[in-house]
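For reference, the structure discussed in these notes is given below.
The numbers here are math on the coordinates, done by the rules we state, and not lab data. Remember, predicted model here, so these are calculated numbers, not experimental data. Using ideal geometry, Cβ is built from the backbone for each residue, glycine included, and neighbour counts are taken over all protein chains shown.
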Amino acid sequence: MIIYLHGLNSAGTSGKAAVLRRQLAPIEVVSPTYPAQSAAEAVKILSSELEPLLQHNEPRIFVGSSMGGFYGAWLAHRVKAHHLVMINPALKPWALLQQVEGWQYNEAKDERYYLSPEMVAATRVYETLPTEVGVPVTLLLDKGDELIDYREAEESYRGRADIHLFEGGSHTFEHMDETLEIIGLLHEKLESS
């Protein structure tokens, strides 16, 4: 099973979730929608929605993009994931999101919301250091990410993760097709162990 965690202004119906579902079938892809801007509420909803999945004895790979990578790191060992894949992760959203405080529009959910300084600061509670993740990690990083300097994740996880760097690209992550094989092989390896 693959559990896809979307980024800030996205939803469980995102393009990456659709690609994973379409290209990695028959592997089950679960992609919950949650309020990524509200840390406590996001963690509460994700924990609740993922709890029933623990009843199934099958490999669980978290794939988190941007803020989804941040929440994935926090949740990975708490809900017994077997592997965490982070795509252009927002490792320190309390610093990153200060740049975009104010009114936001989530096109995927057709929703406007106000990203307050308090909401941004509240993300710090869920910081998970690389030494605390508790499961194997794979990083997928576009060097052309215009929002997050890829070197932050590369340096933080050097020696602690399987790191794949891609030339160019953007925060959206332009190399999903190239990484499907990586994710598929991780799942295959976990199923056979």
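How much mean residue ellipticity at 222 nm does the chain get from its helices, if each DSSP H run of length 4 or more adds -39500 (n - 2.57) and you divide by all residues, to the nearest 500 deg cm²/dmol? Intermediate values should be presented prior to the final figure.
Numbers: 7 runs with 65 residues, N = 193.
Result for the chain: -9500 deg cm²/dmol, rounded to the nearest 500.
If you put +1 on each Lys and Arg Cβ and -1 on each Asp and Glu Cβ, how big is the dipole of segment 1-128 around its Cα centre, in Debye rounded to 20?
280
Give the relative contact order (percent, whole number) for segment 51-193; include only Cα pairs under 8 Å separated by 6+ residues.
Details: 233 pairs, mean separation 32.3, N = 143.
With pairs under 8 Å counted, the relative contact order is 23 percent.
List every residue whose amide H lies under 5 Å from the amide H of V63, counting only residues 5 or more places away in sequence or on a different chain, with H placed 1.01 Å from N in the peptide plane.
Residues meeting the amide H criterion: I3, Y4, L5, V85.
Identify, among Y34, W103, I2, the residue whose Cα sits farthest towards the positive end of the charge dipole of segment 1-103, taking +1 on the Cβ of Lys and Arg and -1 on the Cβ of Asp and Glu, with the dipole about the Cα centre.
I2
Which value, in debye to the nearest 20, gives the size of the charge dipole of segment 111-164 about its Cα centre, when Lys and Arg are +1 and Asp and Glu are -1 at the Cβ?
Approximately 120 debye in magnitude.
Between beta-carbons, use under 14 Å as the cut-off and find the net charge around P26, counting Lys and Arg +1, Asp and Glu -1.
-2
Does the chain come out rounded, prolate or oblate, given a ≥ b ≥ c as the square roots of the eigenvalues of its C-alpha gyration tensor, rounded meaning a/c under 1.5 and, failing that, prolate meaning a/b above b/c? Can you show the working numbers first?
Values: a/c = 1.42, a/b = 1.26, b/c = 1.13.
Verdict is rounded for the chain.
In whole Hz, what ³J(HN,Hα) sequence does segment 52-59 give by Karplus (6.51, -1.76, 1.60; θ = phi - 60°), x for Gly and Pro?
Each residue of segment 52-59 in turn: x, 5, 5, 6, 8, 8, 9, x Hz.
List, in order, the whole-Hz ³J(HN,Hα) value for each residue of segment 164-181 obtained from phi through the Karplus relation with A = 6.51, B = -1.76, C = 1.60 and θ = phi - 60°; use x for Gly and Pro.
Karplus-based 3J(HN,Hα) across segment 164-181 equals 10, 9, 10, 5, x, x, 7, 5, 4, 6, 8, 10, 4, 4, 5, 9, 4, 5 Hz.
What order do you get for 9-20, 155-166 when each peptide is scored by the mean count of other beta carbon atoms within 10 Å, highest first?
9-20, 155-166
Could you derive backbone 3J(HN,Hα) for segment 114-120 from the dihedral phi with the Karplus parameters 6.51, -1.76 and 1.60 (θ = phi - 60°), listing whole Hz in sequence and x where the residue is Gly or Pro?
9, 8, 8, x, 5, 5, 4
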